[in-house]
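**Q** Got a structure for you, questions after.
No value in this document is a laboratory result; all are computed from the given coordinates. Bear in mind that the values here come from a model prediction, so they are computed numbers and not experimental data. Cβ placement follows ideal geometry from the backbone for every residue including glycine, while neighbour counts extend to all protein chains displayed.
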């Protein structure tokens, strides 16, 4: 009798945990979809040369280290630097391919992938690629 009760309890627990895992997977997919939406907005703002919209996608204390090693800290400095970049007329276009999103905890996600910049004003220039996290 105890064995049957134990087995029934274990089946019930596994069913409950499986359901919780499904819910967690659904929540993770919803989070990933929201992040992808933000990524699309980032690419659109960059390609439109909209420094304000671009900087608003960063947190107040966001930080970017450029390929040249410059550290841009905070939404205000990011907006200022993006505005300078766009004012210089570089007209680079950004494309993100194979973006990977990993939900590490309820409040932490890591997005990685290879960005590709193209420069329409440089007819012979090859697109430039890098990586980001």
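**Q** With each label point set 7 Å from Cα along the Cα-Cβ vector, what nm distance links residue 119 and residue 50?
**A** Reported label-point gap for residue 119 and residue 50 is 2.6 nm.
**Q** Could you grab the relative contact order for region 49-89? Cα pairs under 8 Å, six or more apart, rounded to a whole percent.
**A** On the way: 43 pairs, mean separation 18.2, N = 41.
Worked out over region 49-89, it gives 44 percent.
**Q** Scale the Cα Rg of region 49-89 by the rule-of-thumb value 2.2 N^0.38 Å and send over the ratio, two decimals.
**A** 1.06
**Q** Which residues does a label at residue 29 reach in region 91-108, if reach means a backbone N under 19 Å from a point 7 Å past the Cα toward the Cβ?
**A** Within reach of a label on residue 29: 99-106.
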